[in-house]
Amino acid sequence: NADGHKWDVFVRWEDGTVGRPLMMAVQDLYSSKIVGWRVDKSENADLVRLTFGDVFRDYGIPEHVWLDNGRGFASKWITGGTATRYRFKIKKEDPAGVLTALGCQVHWTRPYRGQSKPIERAFRDLCDHVAKHPAFAGAYTGNKPDAKPEDYGKRAVPIADFLKVAAQGIAAHNARPGRRTAVCRGIDSFDQAFARSYAESPIRKAAPAQLRMCLLAAEKVTADRRNGAIRLMGNRYWSEALAELRGQKFVARFDPERLDQPLEVYRLDGSYVGPAD
């Protein structure tokens with residue numbers, strides 16, 4: 001199951017703006033382990049797609065997915081082709097969304113029904129153990145308008161520092177032993193419960209082409225007329241195949257958070273050219 005969570009911490013983004021980061025997280029329902037998460041300024045289809053792409057890459061493709069009916073999840077790029085999408089009108093010509101195309105059966109949680117979104121319990125735990133971390137002193141906002149701390153608004157944490165502390169906190173959340181769930185029995189951690197069941201469960205693995213569709217954003221680019229190089233977000237990418245196709249227009253697929261990795265290059269008709277380092 002997956003949902004978004006706005007952290008009760010002010011951060012300073014790389015562009016100098018200040019705000020509360022929105023985390024998209026995916027939780028394994030059996031063990032309660034958080035198996036994927038990413039952060040952005042707001043909930044959007046790219047954030048959802050990339051978070052699920054991390055899960056598909058690291059663990060495999062789930063058979064069932066429970067989602068909140070937010071705009072990021074209900075986007076046609078995520079759940080297009082699902083018969084029960086509430087938020088948008090369903091059109092036959094809509095493309096299949098990422099989850100639909102990978103064969104995930106999508107279920108929508110009930111509005112204002114907290115028990116239908118178990119991940120909210122994890123968010124409460126993270127509020128207590130991560131949002132109030134000493135590293136965020138002066139940046140913590142309080143969890144409701146009438147519970148602001150005395151040092152409210154005194155500082156904003158650089159986003160890189162926030163992500164480092166959040167990653168440590170989520171890892172600790174998964175690793176804490178003695179969890180009082182039916183699966184953990186007051187003994188195991190979420191990590192242990194997940195590892196035990198993962199080792200004995202048949203799980204579909206994502207093919208490279210499927211991962212490219214999930215993990216990578218798309219941008220229309222033109223190969224340099226002289227040598228075929230592609231320039232994107234201040235970086236230069238090249239391959240021998242592009243050198244033979246210089247001057248032509250392509251679609252480059254990439255992970256915005258991993259621009260040091262090769263681009264995946266496609267012709268405008270969707271045929272695959274290959275990677276560009």
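The values are calculated or read from the model by the stated rules, or taken from the named source; none is laboratory data. Please read all numbers here as calculations on a predicted model, not as lab measurements. Cβ sites come from the backbone with ideal geometry, for glycine too, and all protein chains shown count toward neighbours. Accessible surface areas use protein heavy atoms only, side chains included; no ligands, DNA or RNA. Shrake-Rupley method; radii C 1.70, N 1.55, O 1.52, S 1.80 Å.
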Worksheet, complete the sentence: Those residues of region 234-253 which are of a type outside the set (D, E, K, R) and in a strand (DSSP E or B) amount to 235, 237, 250, 251, 252
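Right, residue 219: out of contact with any helix residue (DSSP H, G or I) (no Cβ under 6 Å at 6 or more places or on another chain), open to solvent by 90 Å² or more (accessible area, probe 1.4 Å) and under 21 Å from residue 78 (Cβ atoms) or not? Can you show your working first?
On the way: out of contact with any helix residue (DSSP H, G or I) (no Cβ under 6 Å at 6 or more places or on another chain): yes; open to solvent by 90 Å² or more (accessible area, probe 1.4 Å): no; under 21 Å from residue 78 (Cβ atoms): yes.
Criteria not met by residue 219.
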Practice prompt. Answer yes if at least one residue in region 226-242 is under 22 Å from residue 78 (Cα atoms), of a type in the set (A, V, I, L, M, F, W, C) and open to solvent by less than 60 Å² (accessible area, probe 1.4 Å), and no otherwise.
Written response: no
Discussion item. Among the residues in region 245-255, are any over 17 Å from residue 51 (Cα atoms), under 21 Å from the mean Cα position of the chain (by Cα), open to solvent by 30 Å² or more (accessible area, probe 1.4 Å) and without any contact (Cβ under 8 Å) to a residue 24 or more places away in the chain?
Written reply: no
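Using the structure shown, decide if residue 183 is touching a Phe, Trp or Tyr at 6+ places or on another chain (Cβ under 7 Å), open to solvent by 20 Å² or more (accessible area, probe 1.4 Å) and in contact (Cβ under 8 Å) with a residue 40 or more places away in the chain.
Details: touching a Phe, Trp or Tyr at 6+ places or on another chain (Cβ under 7 Å): yes; open to solvent by 20 Å² or more (accessible area, probe 1.4 Å): yes; in contact (Cβ under 8 Å) with a residue 40 or more places away in the chain: yes.
Here the answer is yes, as residue 183 does meet what is asked.
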Worksheet item: Is there any pair linking a residue in region 195-211 that is over 19 Å from residue 54 (Cβ atoms) and open to solvent by 90 Å² or more (accessible area, probe 1.4 Å) to one that is at pLDDT 95 or above and among the hydroxyl-bearing types (Ser, Thr, Tyr), with Cβ under 9 Å and at least six apart or on different chains, and which?
Response: 196/31
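Starting from residues that are of a type in the set (S, T, N, Q) and part of a loop (DSSP other than H, G, I, E, B), keep the ones in region 1-37 and report whichever is least open to solvent (accessible area, probe 1.4 Å). Steps first, answer last, please.
Residues of region 1-37 that are of a type in the set (S, T, N, Q), as a first pass: 1, 17, 27, 31-32.
This time we only want the ones that are part of a loop (DSSP other than H, G, I, E, B), so: 1, 17, 31-32.
On the way: 1: 16, 17: 61, 31: 1, 32: 27 Å².
Among them, the one singled out is 31.
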